[in-house]
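Notes for the one structure printed next.
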Amino acid sequence: MERRAEEPVSLSASQPAGTALAGTSGGRTATGEGTAVGKSAVRTCVGCRSRAARSDLLRIVVVDGELLPDVRRRLPGRGAHLHPDLACLDLAERRRAFPRALRVPGPLGCERVRAYVQEIPRPERDEDEPGRC
């Protein structure tokens, strides 16, 4: 009995092995290779639209038409993520990103989020150093 080199098995006649499969999570492929970065969840900042680890972003939820910072990430409902930076907050407000991301109609008050972001101590940054946002 002769042995043949094993070839990747195609899971579907129309889809070659190694291509992304519909319904798989994390961008996994038929060969088992993942595209996820480490074990940290990645989210997109609604202000600057850059991707970052969930732990680096502040989760924002809406309660009674008011945006609230969800520091412990435990409040119910849909959340939007934002860098804890005034530049990102201003950009998100200017782009009207919060109502769109949270799927709620109308303008939302963000005074409590702004107060929280202003209280966060930031390390001094060199002006020549490129910023996050």
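The values are calculated or read from the model by the stated rules, or taken from the named source; none is laboratory data. Remember, it's a predicted structure, so these values are computed and weren't measured experimentally. FYI the Cβ positions are ideal-geometry reconstructions off the backbone, even for glycines, and counts take in every protein chain you see.
Please go through the stretch 45-59 and give me each residue that is closer than 17 Å to residue 94 by Cβ and surrounded by fewer than 16 Cβ atoms within 10 Å (Cβ to Cβ), ordered by number. Even if it seems obvious, please write down each step before you answer.
Restricting attention to the stretch 45-59, the residues satisfying the condition of being closer than 17 Å to residue 94 by Cβ are 45-50.
Hits for the stretch 45-59 are 49, 50.
Residues that are modelled with pLDDT of 95 or more and more than 21 Å from the chain's Cα centre (by Cα): list the helices (runs of 4 or more DSSP H) wholly contained in the stretch 55-133 that include at least 2 such residues.
Numbers: elements: 86-95, 97-102, 111-119.
In the stretch 55-133, the matching helices (runs of 4 or more DSSP H) lie at 111-119.
Go through 102, 82, 67 for me and flag whichever is touching a Gly at 6+ places or on another chain (Cβ under 8 Å), without any contact (Cβ under 8 Å) to a residue 60 or more places away in the chain, hydrophobic (A, V, I, L, M, F, W, C) and over 27 Å from residue 121 (Cβ atoms). Explain how you work it out, then say what you get.
Numbers: 82 fails: over 27 Å from residue 121 (Cβ atoms); 67 fails: over 27 Å from residue 121 (Cβ atoms).
None of the others qualify; the one that does is 102.
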